[in-house]
């Protein structure tokens, strides 16, 4: 190191050093601030600003609650928690209290709607906000700070300034497939409100049942609200098995009013969804004249998308829906009415004389234009009643209704397109926020719809698309998690799927993007689980997760104060099994089994993963076409030794929409090959079709290839393992080509759209 006297440094150099010093100080300040935000109060969602002050406020039996301007703030969750930790409840006062908790409306505060200031000192607690919603949310934050220390009820002194990032923070609940009691819904609303979620999207109608009383149309209650039986097990099972039991029911208008008011008292707006023009089988069972064929319909008994939709060429359809909406509007004060608009097959419209006549008379381009006509007409009617419509992103088909808000569920593209068209958007992409997805890949996990959405993945989702400029971003109004109930037949299962993932959604919707920190969130969540009293929440976020790496395997867990023990011989790990400390090196195929231990005792579930090692393992692979959508995975997953799941949810399936698959694996040197294989998926009800043909080739120079096997039939519904013995041959390169089925033909789900070609692990021996 060379020491240079400061007086010898030039003025220019001194300026640089001074600038670097200032930057360093600023960085330290930023790091300190971030550190404070990470440690902080422990509140969920994380507040915008929080400063710890000295001391505590002690809550005594003499402590009073003061409300200004005759405000009526719901104290339900506060009282419930306070009753659990104390022997007294607090009474109200008509005057501001020194030794009290004061709720003060202050219109001069420069914070957003729903924002609040929470000031806690040793002498008093003040919650201030420009509106009643902010006072309510300030109370929820205060509740999370209250602790019992011996016999003393105390609150650490804080100054908290807080406001939401997004105006719309919602949870959707499907009650058409499986209903939940009024009591259960109220219990869940309490928790949603506690974590500052402000919208309850109530999915009331679908193919499998109509769940809201409409007095003008009694057959909706008598027929449409019931199905003769229900599918047992997963939709992908072949053959389908049913329970043979009639199922159904509906919420009376009095029950609807009760739930809407209960939610409103907790600052939650209830948005009803009445599905149209698709997902109409239940309605058509009661009113067959509203369908294109007029034949006898039946409320659906299993899950999926059905061709039987509302007839868009029939005036009776619109008269019926307007009559339904007139009663719905009376029950729901929300400015929004959700009209669905998703998954509407056009096959019946294509063959329907009335629909074709409508297309001709309205000078529409095609059936997609007819969908746009349908949605626009219903929007005009609802606008005339002072309401706005929300629809799933398929309402973009054929042209967007003038003032529609779009819920982007199929991915990010719908929301991006709608925002660019200057329409409000709620981001709810299934890949990131669908709570019917599996949250664990453990073999013991209860049956779910499909997909894989662990808590970390949901928490890491960023709802503001980077593709939008600042003006376009202003149309992204919020975020929502969706609870589809096909595989949630009871309250316990639903709670297991909803909580705590909905709490992560709450933080995304409320807190600043730059404050997101998953380890910190987990710490706060662990401290917050006591508020989920009576809730059957999942702890799968603490399970072991595994990840293949070149020539090895990594195990991880977020559970604190534990160690991982594992085996490779098929035996279940014990306290004496090998301790995991670093990447597990694998030279041959093995089944990894691992378990968590706290001291001498095992905790959590057994983790198990089969690894298949072969000549192709971890070798360089090149693809002609990359994957699409949710199945645009890293190409190396095809040679990482892990097989794709029958649930197609473990990130191992490469999916190509309408395009062919062609891969070349470089084995590094010439090898003697006697076996080549690959897996393909055949779930035609999910638009996943096997290839028209599969060709396997080998080459010594990556130029001239020789065909060694060809397959054209794939008879298994599910995973087809195309593993074939060949005459031994020396080669360095293996090429596998699979021809996509192309456009899905009539008679299959998704007819007229592109088929998915799903491929997985390449095996070379």
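The values are calculated or read from the model by the stated rules, or taken from the named source; none is laboratory data. In this text the structure is predicted, and so the values were computed from the model without any measurement. Here Cβ is always computed from backbone atoms with ideal geometry, including for glycine, and neighbour counts include all displayed protein chains.
Things worth noting here:
- Test: residue in the stretch 512-520 that is crowded, with 23+ Cβ neighbours inside 10 Å and modelled with pLDDT of 95 or more: no
- Hey, residue 444 in contact with a helix residue (DSSP H, G or I) (Cβ under 7 Å, 6 or more places away or on another chain), assigned by TED's automatic domain parsing to the domain that holds residue 174 and part of a loop (DSSP other than H, G, I, E, B) or not: no
- Matching residues in the stretch 743-765 - criterion: being under 14 Å from residue 682 (Cα atoms) and either in contact with a strand residue (DSSP E or B) (Cβ under 8 Å, 6 or more places away or on another chain) or outside the structural domain of residue 683 (by TED's automatic domain parsing) (or both): 744, 755, 756, 757, 758, 759, 760
- Across the stretch 238-249, the number of residues qualifying as free of Cβ contacts under 8 Å to residues at least 24 places away in the same chain, part of a loop (DSSP other than H, G, I, E, B) and touching a strand residue (DSSP E or B) at 6+ places or on another chain (Cβ under 8 Å) comes to 2.
- Pairs, first within 18 Å of residue 131 (Cβ to Cβ) in the stretch 58-70, second modelled with pLDDT under 95 and in a loop (DSSP other than H, G, I, E, B), C-beta under 8 Å, six or more apart: 66/94; 66/95; 66/96; 66/97; 67/73; 68/96
- For residue 656: the one exception among (1) assigned to a strand (DSSP E or B); (2) free of Cβ contacts under 8 Å to residues at least 40 places away in the same chain: (2)
- Restricting attention to the stretch 382-406, the residues that are over 27 Å from the mean Cα position of the chain (by Cα) and surrounded by fewer than 16 Cβ atoms within 10 Å (Cβ to Cβ) add up to 5.
- Looking across the stretch 606-622, the residues that are assigned to a strand (DSSP E or B) and touching a helix residue (DSSP H, G or I) at 6+ places or on another chain (Cβ under 8 Å) come down to 621, 622.
- Matching residues in the stretch 293-323 - criterion: being closer than 15 Å to residue 177 by Cα and at pLDDT below 95: 302, 303, 304, 305, 306
Quick grid of which residues meet (1) crowded, with 21+ Cβ neighbours inside 10 Å; (2) part of a strand (DSSP E or B); (3) outside the structural domain of residue 256 (by TED's automatic domain parsing):
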{"site": "108", "(1), (2), (3)": "no, no, yes"}
{"site": "111", "(1), (2), (3)": "no, no, yes"}
{"site": "128", "(1), (2), (3)": "yes, yes, yes"}
{"site": "136", "(1), (2), (3)": "yes, no, yes"}
{"site": "141", "(1), (2), (3)": "yes, no, yes"}
{"site": "154", "(1), (2), (3)": "no, yes, yes"}
{"site": "173", "(1), (2), (3)": "yes, yes, no"}
{"site": "183", "(1), (2), (3)": "no, no, no"}
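- Residue selected from the stretch 631-646 under the condition surrounded by 18 or more Cβ atoms within 10 Å (Cβ to Cβ) and in a helix (DSSP H, G or I), by the criterion modelled with the lowest pLDDT: 631
- Qualifying residue in the stretch 692-711 (condition: in contact (Cβ under 8 Å) with a residue 40 or more places away in the chain, surrounded by fewer than 20 Cβ atoms within 10 Å (Cβ to Cβ) and on the phi > 0 side of the Ramachandran plot): no
- Selection count where residues are within 24 Å of residue 273 (Cα to Cα) and in a helix (DSSP H, G or I), scope the stretch 459-491: 1
- Qualifying residue in the stretch 269-276 (condition: buried (at least 22 other Cβ atoms within 10 Å of the Cβ) and in a helix (DSSP H, G or I)): no
- Failed condition for residue 254, given (1) loosely packed, with under 15 Cβ neighbours inside 10 Å; (2) closer than 27 Å to residue 479 by Cβ: (2)
- Residue within the stretch 346-366 that is part of a loop (DSSP other than H, G, I, E, B), in contact with a helix residue (DSSP H, G or I) (Cβ under 9 Å, 6 or more places away or on another chain) and within 30 Å of residue 252 (Cβ to Cβ) present: no
- Residues of the stretch 143-152 classified as touching a residue at least 40 places away in the same chain (Cβ under 8 Å) and either surrounded by 20 or more Cβ atoms within 10 Å (Cβ to Cβ) or not in a strand (DSSP E or B) (or both), total: 4
- Test: residue in the stretch 73-81 that is exposed (fewer than 15 other Cβ atoms within 10 Å of the Cβ) and either in contact with a strand residue (DSSP E or B) (Cβ under 7 Å, 6 or more places away or on another chain) or in a loop (DSSP other than H, G, I, E, B) (or both): no
- Flag for residue 359 being closer than 30 Å to residue 426 by Cα and in the same structural domain as residue 403 (by TED's automatic domain parsing): no
- Residues within the stretch 200-216 that are surrounded by fewer than 23 Cβ atoms within 10 Å (Cβ to Cβ) and either closer than 30 Å to residue 46 by Cβ or out of contact with any helix residue (DSSP H, G or I) (no Cβ under 7 Å at 6 or more places or on another chain) (or both), tallied: 1
- Whether a residue is surrounded by 12 or more Cβ atoms within 10 Å (Cβ to Cβ) and under 27 Å from residue 657 (Cβ atoms) was assessed, and residue 721 passes this test.
- Residue that is buried (at least 19 other Cβ atoms within 10 Å of the Cβ) and either within 23 Å of residue 204 (Cα to Cα) or without any contact (Cβ under 8 Å) to a residue 60 or more places away in the chain (or both), where the choices are 529, 505: 505
- Complete set of residues in the stretch 731-753 that are surrounded by 15 or more Cβ atoms within 10 Å (Cβ to Cβ) and part of a strand (DSSP E or B): 731, 732, 733, 734, 735, 736, 737, 738
- Of the residues 679, 649, the single one that is buried (at least 16 other Cβ atoms within 10 Å of the Cβ), in a strand (DSSP E or B) and touching a strand residue (DSSP E or B) at 6+ places or on another chain (Cβ under 6 Å) is 679.
- Within the stretch 105-120, the set of residues being modelled with pLDDT of 95 or more and within 15 Å of residue 139 (Cα to Cα) comprises 114, 115, 116, 117, 118, 119, 120.
- All conditions in (1) closer than 27 Å to residue 529 by Cβ; (2) modelled with pLDDT of 95 or more hold for residue 90, with the sole exception of (2).
- Scanning the stretch 210-230 for residues that are more than 13 Å from residue 176 (Cα to Cα) and in contact with a strand residue (DSSP E or B) (Cβ under 6 Å, 6 or more places away or on another chain) yields a count of 1.
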